[in-house]
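What follows is a short report on a single structure.
Nothing in this text is a laboratory measurement; each read-out follows from the coordinates by a stated rule. Model, not experiment: these values are computed from the prediction. Here the Cβ is made from the backbone with ideal geometry for all residues, glycine too, and neighbour counts use every protein chain on show.
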Amino acid sequence: MTSSLTTAQVARIAGVASTTVKRWADEGVLPFERTAGGHRRFARTAVERVLREMHSANDDDPIISSWLQCLLDGRRHLVDGQLLTARARLGTWYRVADELGRVLTELGTQWATGALSIAQEHAASECLSRALNRIGDGMPLADEGPRSLLVCAPGDDHTLGLSLAELCLREAGRPTQWGGRKMPLDEILSVVRGGDIDLVVVSASAVSRDPELLREFADGLAVACAEAQAELVLGGAGAWPEDHARAARLSSFEALHQLLMK
Ligand code: B12
């Protein structure tokens, strides 16, 4: 195969998780061949063609387009209105969160392909972040009881996955504690060991591509979580270990909802 790509390389180009690329391959969306060792290999030209088609399909998706228009326009009341309308249309925040995941992927693709400027991408993502905070802060919450700690993976500044997770947690009546980006592991461990935390949610975006770093981070956190009897959730498109014995690797907010309902 001329100029062939591994699953991880396709994931990086597309800005999605490796599991998503494997699913596309197994569903016949992306043509591939297997190496003698059984690994998938993708022809670069086919990958670029399929991504272009997906990109224009998103362009044609009226829901994604209307989200992008609204976020780029940036008027606060219209963004709040669009969020609440989506909540009414989809019936739950976790479905809204999964829809917004697709919107953000499209925002990233449009930025990466030059259709949007850096300034537009920054303004649109910040506009969404602020609107999610306004809605989340308005939800009634218990003042006491265990909390869910929300943190980004090391070196990853993408906090929107956490904001979306926070909305789902709050909808499920679970109080949250924001750790956010650049929280040192020592500090996270000390919060977990301090008690009062029953769930730790870590988000790693597509920019988190170092599986060794992520595994080491997840391992350290998993030990502290087990001691504190807190669950550990690894979310986002980053290169998390798929098979961690002590952590749940989740790729959608629907899956987070199902875990919370157990
Ligand atoms: C907004 C954005 C930014 C904003 C972030 C603002 C903020 N407050 O978060 C800013 C401007 C800061 C930014 C910076 C950068 N970004 Co950026 N960014 C994005 C964008 C458009 C959205 C990110 C996001 O929030 N995605 C939403 C999350 C929720 O998506 P996800 O990780 O795919 O997760 C999916 C699920 O797993 C699930 N999920 C996510 N988290 C969780 C958590 C739980 C618990 C669960 C259950 C599920 C879940 O939801 C999603 C599906 O619905 C993406 C595009 C994209 N494809 O994501 C690029 C993107 C991630 N960024 C990219 C890049 C390159 C950068 C920069 C390096 C740019 C630069 N040169 O400075 C820096 C890196 C900074 C850093 N060290 O992290 C690339 C990464 C490419 C790669 N593979 O390496 C992307 C993919 C854009 C692209 N298509 O090229 N970025």
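What to note about this one:
- Residue-wise HN-Hα couplings along segment 197-207, as the Karplus relation 6.51 cos²θ - 1.76 cosθ + 1.60 with θ = phi - 60° gives them from phi, are 10, 10, 8, 10, 10, 10, 10, 10, 7, 4, 6 Hz; Gly and Pro carry x.
- Segment 13-122, relative contact order [Cα under 8 Å, separation at least 6], %: 21 percent
- Size check on segment 61-137: the Cα extents along the three principal axes, sorted descending, read 34, 22, 16 Å.
- The HN-Hα couplings worked out from phi for segment 5-19 by the Karplus form 6.51 cos²θ - 1.76 cosθ + 1.60 (θ = phi - 60°) are 10, 7, 4, 5, 5, 5, 4, 5, 5, 7, x, 10, 6, 4, 4 Hz, whole numbers, x standing for Gly and Pro.
- Based on DSSP H segments of at least four residues, each scored -39500 (n - 2.57), the chain has a per-residue ellipticity at 222 nm of -18000 deg cm²/dmol.
- More than 18 angstrom apart: percent of Cα pairs within segment 108-230: 58 percent
- Each 10 Å bin from zero up to the one holding the largest Cα-Cα distance in the chain carries the following percent of pairs: 7, 29, 34, 23, 7, 1.
- Relative packing of 198-208, 30-40, 227-237, 62-72, which averages over residues the other C-beta atoms within 10 Å, highest first: 198-208, 227-237, 62-72, 30-40
- Span from the segment 71-135 Cα centroid across to the segment 190-261 one, whole angstrom: 25 Å
- Alpha-carbon gyration tensor eigenvalues x 5, square-rooted, for segment 164-262, Å: 19, 17, 13
- Given their separation in residues at 0.36 nm each and the Cα-Cα distance between them, residue 19 and residue 210 gain 67.2 nm when the chain is fully extended.
- Result for the chain in a Gaussian network model with C-alpha springs under 10 Å: among 187, 166, 242, the largest mean-square fluctuation is at 187.
- Nonlocal amide H pairs with residue 5, under 5 Å, H built at 1.01 Å: 42, 43, 44
- The calculated FRET efficiency for the pair residue 48 and residue 252, based on their C-beta separation and a Förster distance of 35 Å, comes to about 0.85.
- Extension gain for residue 244-residue 144 works out to 32.9 nm (0.36 nm per residue, less the C-alpha to C-alpha distance).
- Charged side chains reduced to their Cβ positions (Lys and Arg at +1, Asp and Glu at -1) give segment 53-112 a dipole of some 380 debye around its Cα centre.
- Once the Cα-Cα distance is subtracted from the 0.36 nm per residue extended length, the residue 26 to residue 229 segment shows a gain of 69.4 nm.
- Distant-in-sequence amide contacts of residue 176, defined by a placed amide H-H separation under 5 Å and a gap of 5 or more residues or a different chain, comprise 148.
- For segment 131-138, backbone phi angles converted through the Karplus equation (6.51, -1.76, 1.60; θ = phi - 60°) give residue-by-residue couplings of 5, 5, 5, 4, 5, x, 5, x Hz, Gly and Pro being listed as x.
- Modelled spin-label separation between residue 72 and residue 130, with each label point placed 7 Å from Cα along the Cα-to-Cβ direction: 1.9 nm.
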